[in-house]
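Trainee: First the structure, which I've put down as structure tokens, then a few questions once you've had a look.
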Number of protein chains: 2
Amino acid sequence: MADEQPPVIEQTVGDEKGPSKNEIKKRAKEAEKAKKAAEKAAKQAELEAQKAAADVDYASELYGKAPLNQSQSRPRQTRVQIASLNPNLDGETVLLRARVQTSRAQGNKMVFLNLRQRTDSVQALLTVTPEKVSKQMVKWTASLQDESIVLVEGVVKKSPEIIKSASVGDVELHVSKIYLISGLESRLPFTVEDANRPETDVNAGEDVQYKRVLLDTRLNNRVIDLRTQTNQAVFKLQNAIGHFFRDFLDSQGFMEIHSPKLQGAATESGASVFKVNYFKGSAFLAQSPQLAKQMAIAADFERVYEIGPVFRAEDSNTHRHMTEFIGLDLEMTIEEHYHEVMELLDSLFIHMFRGLREKYSNEIDVVRKQFPADEFKWREGPEGTLKLTFKEAVDLLVEDGVAREDLDDIDTENEKRLGRLVKAKYDTDYFIIDKFPMALRPFYTMPDPEDPTLSNSYDFFMRGEEILSGAQRIHDPALLIEKMKSKGIEPESMSSYVDAFKMGCSPHGGGGIGLERVLMLFLKLNNIRRASLFPRDPKRLEP
Amino acid sequence: MADEQPPVIEQTVGDEKGPSKNEIKKRAKEAEKAKKAAEKAAKQAELEAQKAAADVDYASELYGKAPLNQSQSRPRQTRVQIASLNPNLDGETVLLRARVQTSRAQGNKMVFLNLRQRTDSVQALLTVTPEKVSKQMVKWTASLQDESIVLVEGVVKKSPEIIKSASVGDVELHVSKIYLISGLESRLPFTVEDANRPETDVNAGEDVQYKRVLLDTRLNNRVIDLRTQTNQAVFKLQNAIGHFFRDFLDSQGFMEIHSPKLQGAATESGASVFKVNYFKGSAFLAQSPQLAKQMAIAADFERVYEIGPVFRAEDSNTHRHMTEFIGLDLEMTIEEHYHEVMELLDSLFIHMFRGLREKYSNEIDVVRKQFPADEFKWREGPEGTLKLTFKEAVDLLVEDGVAREDLDDIDTENEKRLGRLVKAKYDTDYFIIDKFPMALRPFYTMPDPEDPTLSNSYDFFMRGEEILSGAQRIHDPALLIEKMKSKGIEPESMSSYVDAFKMGCSPHGGGGIGLERVLMLFLKLNNIRRASLFPRDPKRLEP
């Protein structure tokens, strides 16, 4: 920069009068003043230039909103899962897509993120670093809303101490690039952290006031609610139960079938069937695959199962009823005795329970943090599953003080009471009741060979609630018609079902399991809606 | 036996007059006569006793109608499968339950049975044998109606020559006991043998007139129709496709979900949705799990699939439309490009095709006997599956003489034509068309990044018919709302779906496969009803 010159004062030579001394002084003063002002302006300009230089965002390419992914390109960069991060990767650069569960700025030079993928989370951080992470980048990152989805590049670093707030706590991610893939366009109705909090914490807080998220609020905003670690685990377990069901039955020679849900007649029991407008006529939604799976037996399929929706038009607003749920149904021929079916179903449940305990203990633990429960107990070994007759079950309740005349049927309350009695006496959460009175069972149930008031039917229970109902079925058309009439059903109204048995049918039996009930009771979720992805009840058809 | 004595003639001694000579002669004659009569009567009695002895049914305990099985007892006798019979068991006694497919008496001393279990059959015979098989037993057995279910005890014998009419042809069963478990109370509408006959045989017969069983007759009596070897194989293959679908997706980190079929609003396209009476209001049957599976992605499930019924209220009476069918649906997040999904779907199909060919060739052969078809062909190896853009497909059709102006969409006829062109040119029955015009796809389809008239969507084809439709979906709520409006859909009517994307959602894509279409086209069954256990169409809701 050129040195600044003081202003030159013109002097005239000859007869003209020169400036007075005062004048000279005054001019010198002014010159001095101007010089100082110029110097100040120069300094100011220099400062501003420096400041401008400092504000240039050297990281502007390293963060920001990504363009909407319309599959513009395919760079084939490897992206990793948070679950795979570990201290052995110390120093390595990784790329991943995750949700921002929370972000927390420390001053304006640092921000911590909790990044989440399903049940896994890791801590990530950005610190202002010359030529790498700019202040602007930190500020932008700190402004990301919770639940935003980001693409993050960062270096894995061993964490100095275990980070308790993350499921992967032994490493953290030093972010070098961060782009917003999908932001939020609405306010969150609740945070995923609040939704994941155990009831005990919500109640215990004297110092901290946690926000309780009510079930209805959760279900109205199910997409957010499902993101909790608890729900991610619950639906992994739902998936697992279905798989164990299939695996076991496949190993026993069963075949999967798919039967129609649209029926020509209101079968089984007209009162609780949904009616459908079917072109110019009507159809009805199947209450169960009962008729179809029996017809598959009459068609020689021998052993069949089905996993599918069943529909119940019952206006029941309880913790354990839904208008649509998933039935795990099976039907098989029997050679000699219906206990062949009952025992196979028992083995099936033991297979499912063992599988859950052995392969899904992490998920069960995750759920238990939010829904504390005693471990589900069942009996194994030579004594096997507890089997009571209906009469024995009634006797147990009578011994406990229930009036026998109230026990023509065992209602929900007495079922639970029986569950507690059985747990106290036999230390099991799982048992079978056999030999129900014929009056309590549907028309297609085979009567007991000696006492026609009893039937060859059984229910299975978990924690004092029914989760399976099954029986030997009537395969003789004459007896079937007799029983239909005695229950007030016109055989003509179900002629293709009745006809199936007129063409010869093997003795057979089966059962139907409520998937969501098994899940709810195994985990003690206390409300069946928690065991259904998007539950349906008389008051809920959304989301 | 004591010798018979001639009658003693009394002689009187003394004065009394003795009998005359004539008298003596006469008496002797009478005596002789009486003797002969007695002898004759004795002979007669003997004959009658012999005859009576011969008519005593020494086998009466060894055959007959069994009492109705009500699980009276459980002797735990081992019963075998026909498929397990083989010459190594020669001389061993076995017990089995089977259908009488046919019976054929030879005189009154012998009867042949063809016994059937699902796809397996064996010849059995009864021959009158003193103290073992009685005439009465043979007569009763010969009178059994076809399709009766019997419990048979018999000795396995190597057959002198291979019995062609049975699937297990190297042994036969010498029956020692036979009981009727379930008889028929109606006339069979057709025999299982007739129902299993190839069309070629039905047409070819100059000497023999076979009975053709029409599809409608079959479907009206589906329980009988399903007993054919062909149908037993068809539904084993249906079961197999479902298993291959699951196995592959499980190996790729997918989770099975169950979404509700009852919806609060008529989604996607109001015209083809069934309306349900839902308590005091209305519900609608899901046309697909599209909305739910996308919401599962917004809920961070990352990769999901569902196997379940989908409902279409379309009054289409074609060979390939049903009002209810099984959707094999999946949805997954994408990292960079929707071809990640398209390629995964392609790998899934290759996995299914290979699995069927490698593990179910017997069943495929059984079906092919009744439904002759070229083996299903697909491309493997480095060249991989044929992928055409919609434009390339149109060009192929134009080259073949179709007017370009008729090809804004490719209709069913042109689809088939394209299938033939592709088969001729590329020798494959399986290919993909990518980049459909946006105008042909639903509102939730992601537009192409460069040409907004195109979309990131694809269809998969087998033998010239569409079996999968899929795409990248719009995960941005603003764009989604814009596209809904442009297709005349009010975003308010699907608010819980739209809201899911306002809370952040990863880029994603997926597809839906029609299970019955895959089965029909792989086997070339020519009508989708044959690939459904109990098909539903606008005119059929029974059985």
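Trainee: If the requirement is being without any contact (Cβ under 8 Å) to a residue 12 or more places away in the chain and touching an Asp or Glu at 6+ places or on another chain (Cβ under 9 Å), which of these qualifies: A:Ser495, A:Ser532, A:Ser506?
Mentor: A:Ser495
Trainee: Here's another thing I want to ask about it. What number of residues within region A:70-104 are farther than 29 Å from A:Lys135 by Cβ, open to solvent by 50 Å² or more (accessible area, probe 1.4 Å) and not in a loop (DSSP other than H, G, I, E, B)?
Mentor: 3
Trainee: To continue, here is another question. Just the residues that are surrounded by fewer than 21 Cβ atoms within 10 Å (Cβ to Cβ) and assigned to a helix (DSSP H, G or I), please, taken from region A:249-258.
Mentor: A:Asp250, A:Ser251
Trainee: Determine which single condition B:Arg536 fails, assuming it passes every other condition in (1) more than 12 Å from chain A (Cβ to nearest Cβ); (2) charged (D, E, K, R); (3) open to solvent by less than 10 Å² (accessible area, probe 1.4 Å).
Mentor: (1)
Trainee: Take the residues in region A:290-311 that are more than 9 Å from chain B (Cβ to nearest Cβ) and not aliphatic (A, V, I, L, M), then tell me which one is surrounded by the most Cβ atoms within 10 Å (Cβ to Cβ).
Mentor: A:Tyr305
Trainee: Looking only at region A:429-448, count how many residues are within 14 Å of chain B (Cβ to nearest Cβ) and over 15 Å from A:Asp459 (Cβ atoms).
Mentor: 4
Trainee: Filter region B:312-337 down to the residues that are facing chain A (nearest Cβ under 7 Å) and part of a strand (DSSP E or B), then identify the one that is nearest to B:Gly464 (Cα to Cα).
Mentor: Checking each candidate, the answer is B:Ile326.
Trainee: With the condition kept exactly as written, say whether any residue in region A:47-64 is within 14 Å of chain B (Cβ to nearest Cβ) and either out of contact with any Cys (no Cβ under 8 Å at 6 or more places or on another chain) or within 19 Å of B:Glu336 (Cβ to Cβ) (or both).
Mentor: No.
Trainee: I'm trying to understand the selection: among the residues of region B:447-482, which are touching a strand residue (DSSP E or B) at 6+ places or on another chain (Cβ under 9 Å), surrounded by fewer than 20 Cβ atoms within 10 Å (Cβ to Cβ) and part of a helix (DSSP H, G or I)?
Mentor: Once the filter is applied, which keeps residues that are touching a strand residue (DSSP E or B) at 6+ places or on another chain (Cβ under 9 Å), surrounded by fewer than 20 Cβ atoms within 10 Å (Cβ to Cβ) and part of a helix (DSSP H, G or I), region B:447-482 yields only B:Leu479.
Trainee: While we're on this one: So how many residues does region A:436-446 have that are touching a strand residue (DSSP E or B) at 6+ places or on another chain (Cβ under 7 Å) and buried (at least 19 other Cβ atoms within 10 Å of the Cβ)?
Mentor: Of the residues in region A:436-446, 6 are touching a strand residue (DSSP E or B) at 6+ places or on another chain (Cβ under 7 Å) and buried (at least 19 other Cβ atoms within 10 Å of the Cβ).
Trainee: If you scan region B:358-395, which residues turn out to be open to solvent by less than 60 Å² (accessible area, probe 1.4 Å) and farther than 27 Å from B:Leu525 by Cα?
Mentor: B:Gly381, B:Thr389, B:Phe390, B:Val394, B:Asp395 - these are the residues of region B:358-395 that are open to solvent by less than 60 Å² (accessible area, probe 1.4 Å) and farther than 27 Å from B:Leu525 by Cα.
Trainee: Based on this model, can you work out whether B:Val150 counts as more than 25 Å from A:Ala299 (Cα to Cα), open to solvent by less than 30 Å² (accessible area, probe 1.4 Å) and not polar (S, T, N, Q)?
Mentor: No: the conditions fail for B:Val150.
Trainee: Considering only region A:484-516, state which residues are within 9 Å of chain B (Cβ to nearest Cβ) and aliphatic (A, V, I, L, M).
Mentor: A:Ala500, A:Met503, A:Leu515 - these are the residues of region A:484-516 that are within 9 Å of chain B (Cβ to nearest Cβ) and aliphatic (A, V, I, L, M).
Trainee: Which is farther than 30 Å from A:Ala471 by Cα and open to solvent by 50 Å² or more (accessible area, probe 1.4 Å), of B:Pro67, B:Pro160?
Mentor: B:Pro160
Trainee: Now, a different point. One residue is enough: does region A:335-342 have a residue meeting the conditions in the same structural domain as A:His508 (by TED's automatic domain parsing), open to solvent by 60 Å² or more (accessible area, probe 1.4 Å) and farther than 21 Å from A:Ile528 by Cβ?
Mentor: Scanning region A:335-342, I find no residue that is in the same structural domain as A:His508 (by TED's automatic domain parsing), open to solvent by 60 Å² or more (accessible area, probe 1.4 Å) and farther than 21 Å from A:Ile528 by Cβ, so the answer is no.
Trainee: Counting residues that are closer than 25 Å to A:Lys369 by Cβ, which strands (runs of 3 or more DSSP E) fully inside region A:105-216 reach at least 2?
Mentor: A:110-117, A:120-127, A:171-182
Trainee: For the structure I just gave you, tell me whether B:Leu519 is within 30 Å of B:Asn317 (Cβ to Cβ), assigned to a helix (DSSP H, G or I), within 13 Å of chain A (Cβ to nearest Cβ) and not acidic (Asp, Glu).
Mentor: So B:Leu519 passes the test.
Trainee: Any chance you could count how many residues in region A:396-409 are assigned to a loop (DSSP other than H, G, I, E, B) and open to solvent by 20 Å² or more (accessible area, probe 1.4 Å)?
Mentor: Total meeting the criteria: 5.
Trainee: With respect to B:Lys416, determine if the residue is open to solvent by 60 Å² or more (accessible area, probe 1.4 Å) and either touching a residue at least 12 places away in the same chain (Cβ under 8 Å) or part of a strand (DSSP E or B) (or both).
Mentor: Yes; evaluated as a whole, the condition is true for this residue.
The values are calculated or read from the model by the stated rules, or taken from the named source; none is laboratory data. These figures come from a predicted structure and were not determined experimentally. Methodologically, a virtual Cβ is constructed for each residue, glycine included, from the backbone with ideal geometry; neighbour enumeration extends over all protein chains shown. The area values use the complete protein model at the heavy-atom level, side chains included, leaving out ligands, DNA and RNA. Shrake-Rupley method; radii C 1.70, N 1.55, O 1.52, S 1.80 Å.
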